[in-house]
Amino acid sequence: MAGIIGMKRRVSSNFNDEHDLSKWNDICLITTLAKDMKDTIQVLGSWMFFVLISLSCNQQGSKSDESKDQATDIEVSTLQSPYLVVLGIAQDAGFPQMNCQKSCCKALWGNPDLQKMVSCIGLVDPISKERWIFDATPDFPEQVDLINQVSGIDRDELPSGIFLTHAHIGHYTGLMHLGREAVGAKEMPVFAMDKMSSYLTNNGPWSQLVSLKNIALQKLLDGQSIRLNERLKVTPFLVPHRDEYSETVGYKIEGPNKSAIFIPDINKWGDWEQDINQVIQENDLAFLDGSFYKNGEIPNRDMSQIPHPFMEESMSQFESLSAADKKKVHFIHFNHTNPVLQRESDAAREVEKANYRIARERETYGL
Ligand SMILES: [Zn+2]
Ligand SMILES: [Zn+2]
Ligand SMILES: [Zn+2]
């Protein structure tokens with residue numbers, strides 16, 4: 001159902017084999033260059049050196065591919081039909097979070113390979129070569145480059161459109177990169193609900209994106225589907241959240257064979273008019289708010305003011321689901337304090353032992 005796309009990029013998971021493979025390839029490249037220099041001095045000796053290094057690189061590549069498959073436990077997408085790709089998994093403020101020198105973030109400063117980008121998923125149609133991004137995060141430039149690499153599209157092309165969930169910093173501020181000071185996009189379709197559209201239209205600096213036609217707002221209605229092409233359909237649905245500036249939506253994304261739900265931010269499940277267990281049962285994949293693992297995770301802060309469903313609560317809410325339905329659940333949008341960001345933590349093991357998944361950057365899911 002899913003796989004991880006291998007590539008070189010600035011940010012990659014420390015628990016992901018691609019990173020090691022990428023590093024190894026860099027070493028191979030350096031050693032091959034060194035070999036070219038050696039050629040001019042001693043042709044025969046360096047040729048043997050090259051053969052040995054090449055063999056070694058290839059062996060390392062296959063070993064890494066094997067462990068990659070084991071790690072994902074799911075088949076690699078053929079990428080011949082539409083698919084989703086995870087472009088970021090952190091809460092709005094990223095991982096590490098500014099100023100944090102606690103054990104969650106300390107080792108990540110100055111170590112981009114360990115860092116995670118803000119919660120975001122991409123939708124790719126390899127037939128039409130179109131790509132859409134769900135939320136324009138503070139990591140928008142990296143995420144556009146990542147989806148282009150994953151889809152094999154020219155890296156200087158912008159996405160076909162952007163769907164926004166709401167007006168909190170991790171979900172729309174990446175739009176600034178479309179403006180006059182940046183790429184100066186031409187009428188980039190930005191799909192947003194009514195209040196979200198008004199917020200962008202009536203508040204600087206976002207209003208300039210609208211007046212200069214860097215973005216072209218496409219208004220969404222609750223429960224009303226947008227057909228992207230003959231294979232893909234997207235439907236927004238309202239969810240309860242701290243709606244200071246806009247309403248908040250989740251999305252249902254439907255491909256030719258499967259459907260996925262994306263709800264990065266929501267209040268407690270009981271506050272929602274829909275039954276989340278039924279929603280999971282009716283879809284094939286569910287990327288759900290995993291901001292906090294449990295109550296008390298942020299010391300000295302009243303967590304009732306940020307009322308997300310704790311992962312512990314979600315897991316007990318989903319307890320009655322079958323194992324197959326539980327496996328559809330991919331937690332995403334992790335606060336820097338959430339221990340599941342550390343893949344070897346007890347919390348991460350508990351989640352996976354209970355048949356749920358923790359979303360990983362670059363994972364793909366065929367639709
Ligand atoms: Zn958020
Ligand atoms: Zn931290
Ligand atoms: Zn939010």
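Values for this structure:
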read-out: Candidates per GluC sites (Glu not before Pro) in region 202-308, loop by DSSP, up to 15 other Cβ within 10 Å; value: Glu230, Glu244, Glu273
read-out: Stokes-Einstein translational diffusion, region 289-367 - Kirkwood Rh over all Cα pairs, 0.692 mPa s, 37 °C, in µm²/s; value: 248 µm²/s
read-out: Entries in Lys195/Lys328; Lys129/Lys258; Lys328/Lys353; Lys129/Lys326; Lys294/Lys328 that, when Cα-Cα distance is taken, lie over 23 Å; value: Lys195/Lys328; Lys129/Lys326
read-out: Among Ala216, Gly270, Val183 - extreme Cα towards positive end, dipole of region 83-366, charges at beta-carbon; value: Val183
read-out: Cβ-based net charge around Gly223, under 15 Å, with every Lys or Arg adding one and every Asp or Glu removing one; value: -2
read-out: Relative packing of peptides 184-190, 119-125 - highest average C-beta neighbours within 10 Å first; value: 119-125, 184-190
read-out: Calculated P(r) of region 83-366 - Cα pairs past 26 Å, %; value: 40 percent
read-out: Cα extents of region 216-367 along the three principal axes, largest first (Å); value: 46, 36, 29
read-out: Alpha-carbon centroid distance for the pair region 267-301 / region 153-176, whole angstrom; value: 24 Å
read-out: Loop trypsin sites (Lys or Arg not before Pro), region 269-367, which have at most 11 other Cβ atoms in a 10 Å radius of their Cβ (DSSP); value: Arg301
read-out: Pairs beyond 30 Å (Cα-Cα), from Lys268/Lys327; Lys102/Lys252; Lys106/Lys327; value: Lys102/Lys252; Lys106/Lys327
read-out: Under the Karplus curve 6.51 cos²θ - 1.76 cosθ + 1.60, θ = phi - 60°, whole-Hz ³J(HN,Hα) for region 151-164, x wherever Gly or Pro sits; value: 8, x, 8, 3, 6, 9, 9, 7, x, 7, x, 10, 9, 9
read-out: Candidates per GluC sites (Glu not before Pro) in region 104-182, loop by DSSP, up to 13 other Cβ within 10 Å; value: Glu157, Glu181
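The numbers here are math on the coordinates, done by the rules we state, and not lab data. Computed from a predicted structure; not experimentally measured. Note that each Cβ is placed from the backbone with ideal geometry, even for glycine, and that neighbours are counted across all protein chains shown.
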